[in-house]
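Shown next, in structure tokens, is the structure this report addresses.
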Amino acid sequence: MPKQIPCIWMDGTAEEAAAHYTSIFPNSSIGDVTRYGPGQPMPEGTAMTVGFTLDGQEYLALNGGPQFPHSEAISFQIMCADQEEADHYWNRLTDGGEESMCGWLKDRFGVSWQVVPTELPALLGDPDPGRAQRAAQAMFQMRRIDIAAIRRAADSVPA
């Protein structure tokens, strides 16, 4: 399969977003930046595209304008090893953004992310349907995922 590089449409904030994201994720860097020239849709010198890498995954930010705002229909999922790692990404990405439900958030640029401790899918898909249901019910009450609280709910004995 050919390499896939997500392209994030931005409204003039491509360089700022790339700098923000690369400050959050380890082993990240900004790569090539192309700029608009004279007579093009954005002011001359404005970044047209910004290539960047977040911990080995390549992305491209495109300053295309206000025509296509972000929506929750597309999000980037961050699978985190533990609560500490999940809290790092949650705290950094919600700074200037907004929290949503069940580990979803919008960052300051309007891009949607899901911050997911790797244990969560196993709890939600537990072979014991009651345990899985209790885990899901606990998650549905949360904004930031608290994996210990979900684990306790899953392990609780129904009355």
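The values are calculated or read from the model by the stated rules, or taken from the named source; none is laboratory data. Remember, it's a predicted structure, so these values are computed and weren't measured experimentally. Backbone-built Cβ (ideal geometry, glycine too); neighbour counts: all protein chains shown. Accessible surface areas use protein heavy atoms only, side chains included; no ligands, DNA or RNA. Shrake-Rupley method; radii C 1.70, N 1.55, O 1.52, S 1.80 Å.
To check you understand DSSP bridge types, tell me what percent of the beta bridges within the chain (both residues inside) are antiparallel, rounded to 5. Provide the component values of the computation, followed by the final result.
On the way: 16 of 26 bridges.
The antiparallel proportion sits near 60 percent.
Between residue 82 and residue 140, what length in nm is gained on full extension when 0.36 nm per residue of separation is reduced by their alpha carbon distance?
Working: separation 58, 0.36 × 58 = 20.88 nm, distance 1.93 nm.
Once the chain is fully extended between residue 82 and residue 140, it gains 19.0 nm.
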Dividing the helical contributions, -39500 (n - 2.57) per DSSP H run of n ≥ 4, by the residues of the chain yields a 222 nm value, nearest 500 deg cm²/dmol, of -9000 deg cm²/dmol
Residue by residue through segment 130-147, the couplings from Karplus 6.51 cos²θ - 1.76 cosθ + 1.60 with θ = phi - 60°, in Hz, x for Gly and Pro, are x, 5, 4, 5, 5, 5, 5, 4, 5, 4, 4, 8, 9, 9, 6, 5, 10, 5
Around residue 33 (Cβ within 15 Å, Cβ-to-Cβ, excluding residue 33; K/R +1, D/E -1) the net charge comes to -4
Given Cβ charges of +1 for Lys and Arg and -1 for Asp and Glu, the option among 9, 57, 125 whose Cα lies farthest towards the positive end of the dipole of the chain is 125
Given 20 °C, 1.002 mPa s and a Kirkwood radius over Cα pairs, the Stokes-Einstein diffusion coefficient of segment 24-70 in µm²/s is 181 µm²/s
A correct Karplus calculation of ³J(HN,Hα) over segment 103-114, with 6.51 cos²θ - 1.76 cosθ + 1.60, θ = phi - 60°, whole Hz and x for Gly and Pro, returns x, 8, 8, 10, 7, 5, 9, x, 7, 8, 9, 10
Percent of all alpha-carbon pairs of the chain at distances over 25 Å, whole number, is 40 percent
The local net charge around residue 106, scoring Lys/Arg +1 and Asp/Glu -1 for residues other than residue 106 whose Cβ lies under 9 Å from its Cβ, equals -3
Highest GNM mean-square fluctuation among 50, 115, 33, for the chain with Cα springs under 10 Å, belongs to 33
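In the chain, carbon and sulfur make up what percent of the accessible area (probe 1.4 Å)?
Values: 4680 of 8820 Å².
The nonpolar share, carbon plus sulfur, comes to 53 percent.
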Descending packing, highest mean Cβ count within 10 Å first, for 36-43, 86-93, 149-156, 62-69 is 86-93, 149-156, 62-69, 36-43
Within the under-14-Å Cβ sphere about residue 61, not counting residue 61, Lys/Arg +1 and Asp/Glu -1 give a net charge of -4
Residue-normalised value, i.e. accessible area per residue, for the chain at 1.4 Å probe, in Å², stands at 55 Å²
Stokes-Einstein, Kirkwood over Cα pairs, segment 74-130, 4 °C, 1.567 mPa s; D in µm²/s equals 109 µm²/s
Sorted by chain and number, the residues with a modelled amide H under 5 Å from that of residue 110, at a separation of 5 or more or across chains, are none
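For segment 56-159, what does the relative contact order come out to in percent, with C-alpha contacts under 8 Å and a separation of six or more? Spell out each step's value before the answer.
On the way: 145 pairs, mean separation 25.8, N = 104.
This gives 25 percent for segment 56-159.
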